[in-house]
Amino acid sequence: DCIDLVCWRRDCTLMEALDVLLNDRPIDLAPATDPEPEEAPEVGYGKRKAACEAFLAALDEPPAAMLAWLAEKYGVLAPAVGDHRLAFVHEDNANRAMQAAIEATDADTVQALGLATPAKASGLLNCPWGWGAWLVIPYFDRQGRCGHLQARRWNRTDKNKGKGPKYRHVRGEVPYPWGIHLDPGERPMLVERAMD
């Protein structure tokens with residue numbers, strides 16, 4: 001854009017380019033600040049597990065296009081997707097999954113985990129995971145119960161690549177890899193801070 005052009009031609013900073021474009025009149029901008037992180041009550045592992053299990057069970061299996069994307073981009077084939085219970089959350093099933101989690105626990109727990117937020121206009125609960133399309137990756141304990149959920153954005157087009165976060169997690173500390181069970185001979189690898 002024009003600001004980048006001035007930066008490049010004058011070899012100057014962004015603020016200096018703005019001064020040039022505004023006829024050398026300094027612009028009065030408040031310093032940018034990051035919003036304070038939301039305080040959420042800690043959820044005990046029993047309730048967390050019940051909410052995550054119910055949410056996961058109410059989701060859809062990944063569609064064929066997502067399976068093809070996983071295979072092509074990451075080498076993850078359909079049998080592994082099923083074995084690890086990877087799921088698909090999108091605008092059509094997110095609120096259904098949120099409702100299942102509420103029925104398994106309660107609305108306060110599901111809000112504390114970040115799986116529900118009140119709508120500003122109506123105050124009704126909505127699932128923020130319903131925006132876009134997400135691959136849901138469950139984390140399991142030794143009993144095979146889901147105690148944490150991570151979602152990875154499925155970028156369907158180049159147009160929406162930069163919009164919104166790439167990853168989501170339920171709120172609270174990730175309870176793994178403690179208690180991870182490895183068969184003899186298996187080699188764990190740390191990949192992008194996740195245990196594979």
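With every protein chain in place and a 1.4 angstrom probe, the accessible-area ranking of TYR167, TYR139, TYR74, largest first, reads TYR74, TYR167, TYR139. Under 5 Å between amide H atoms, partner at least 5 residues away or on a different chain: which partners does ASN126 have, H built in plane at 1.01 Å? Here THR117, ALA119 satisfy the definition.
For the range 53-116, the solvent-accessible area of protein heavy atoms averages 49 Å² per residue (probe radius 1.4 Å; ligands and nucleic acids excluded).
Of the accessible area of the range 75-115, with the probe set at 1.4 angstrom, what percent is carbon plus sulfur? Accessible surface attributable to carbon and sulfur in the range 75-115 totals 51 percent.
Please report the net charge: other residues with Cβ closer than 15 Å to the Cβ of ALA101, K and R +1, D and E -1. Charge balance near ALA101 sits at +3. Karplus-based coupling profile of the range 44-52, in residue order and whole Hz: x, 5, x, 5, 4, 5, 4, 5, 5, with θ = phi - 60° in 6.51 cos²θ - 1.76 cosθ + 1.60 and x standing for Gly or Pro. Model label sites at ASP4 and ARG145, defined 7 Å from Cα along the beta-carbon direction, differ in position by 5.1 nm.
The values are calculated or read from the model by the stated rules, or taken from the named source; none is laboratory data. Keep in mind the model is a prediction, meaning the values are calculated, not measured. All Cβ positions, glycine included, derive from the backbone under ideal geometry; neighbour counts span all protein chains shown. The area values use the complete protein model at the heavy-atom level, side chains included, leaving out ligands, DNA and RNA. Shrake-Rupley method; radii C 1.70, N 1.55, O 1.52, S 1.80 Å.
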